Amino acid sequence: MTLVDASSWIEFLRGRDSLPGQRVKALLVDGSAVWCDMTLVELWNGARGQMEKSTLEELEGELRLCPVNEEVWTRARKLARACRENGVTAPSADIVIAACAIEHNLKLEHNDSHFEKILPLAAKA
């Protein structure tokens, strides 16, 4: 299973023929795309037009929602500390999403360079 970050969902939802958009489409086809509450908040916050909103509503009924539970929040706090101690400044939402993927043992599909800095610090968190 793969947790898809908003950065890749946006490529897919906007119909862009980009590698992230293609990867999301492939994950949807094989049934391995999942998301979390933080990703949904980001997507709904930036949703444009009725087509994107309709697609999000449809996907909400189909995709597995990985919980951002107490364990994820604990891991996110540790990961945030590891980021700061290693000179990495990243949005809190990205830290929570990375923590969710790590905690639930999921791959992470993204189109965001912050994750390239966050994920290697997971072992320190």
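Bear in mind that the values in this text are calculations on the coordinates, not laboratory data. Please read all numbers here as calculations on a predicted model, not as lab measurements. Don't worry about glycine lacking a Cβ; one is built from the backbone with ideal geometry, like all the others, and counts go over all protein chains shown.
Can you tell me the orientation of helix 49-60 relative to the chain, as the angle in degrees between its alpha-carbon axis and the longest Cα principal axis, to the nearest 10?
Taking Cα atoms only, the helix is inclined about 70 degrees.
Where nothing but the Cβ of Lys and Arg (+1) and of Asp and Glu (-1) is charged, how large is the charge dipole of the chain around its Cα centre, in debye to the nearest 20?
Details: 15 positive and 19 negative charges, 93 e Å.
For the chain, the charge dipole is close to 440 debye.
Put +1 on the Cβ of each Lys and Arg and -1 on the Cβ of each Asp and Glu in region 2-124; which of His104, His114, Ala6 then has its Cα farthest toward the positive end of the dipole?
His114
Tilt of helix 19-29 relative to the longest C-alpha principal axis of the chain, in degrees (0 to 90, nearest 10)?
With rounding to tens, the tilt is 70 degrees.
Would you mind checking which residues have amide H under 5 Å from Glu109's amide H? H placed 1.01 Å from N; only 5 or more apart, or other chain.
Here the answer is Leu3, Val4, Asp5, since their amide H atoms fall under 5 Å of that of Glu109.
Report, in deg cm²/dmol and to the nearest 500, the calculated mean residue ellipticity at 222 nm for the chain, where each DSSP H run with n ≥ 4 adds -39500 (n - 2.57) and the sum is divided by the residue count.
About -17500 deg cm²/dmol.
Can you give the local net charge around His114? Use residues other than it whose beta-carbon is closer than 12 angstrom to its beta-carbon, Lys and Arg +1, Asp and Glu -1. If you can, show how the numbers build up before the last one.
Working: positive: Lys117; negative: Asp5, Asp94, Asp112, Glu116.
Overall, the nearby charge balance is -3.
Across the chain, how many lysine pairs separated by 8 or more positions, or lying on different chains, have Cα atoms within less than 20 Å?
7
With mean projected area of the Cα convex hull in nm² in mind, check (i) 13.3; (ii) 7.1; (iii) 8.3 and report the label derived from this structure.
The listed entry that was calculated here is (ii).
Need the full-extension length gain, Ser54 to Leu119, defined as separation in residues times 0.36 nm minus the C-alpha distance. One decimal, nm.
Value of the extension gain: 20.2 nm.
If one takes the longest principal axis of the Cα atoms in the chain, at what angle in degrees, from 0 to 90 and to the nearest 10, does the Cα axis of helix 70-85 lie?
60 degrees
Which shape class applies to region 1-51: rounded if a/c is under 1.5, otherwise prolate when a/b exceeds b/c and oblate if not, where a ≥ b ≥ c are the square roots of the Cα gyration tensor eigenvalues?
The shape class here is oblate.
Within region 47-125, list the trypsin sites (Lys or Arg not before Pro) lying in a DSSP loop whose Cβ has at most 13 other Cβ atoms in a 10 Å radius.
Arg48
Quick one: check the C-alpha center-to-center distance for region 21-35 versus region 59-123, whole angstrom.
19 Å
Between the DSSP loop rule and a limit of at most 12 other Cβ atoms within 10 Å, which GluC sites (Glu not before Pro) in region 4-89 are left?
The qualifying sites are Glu62.
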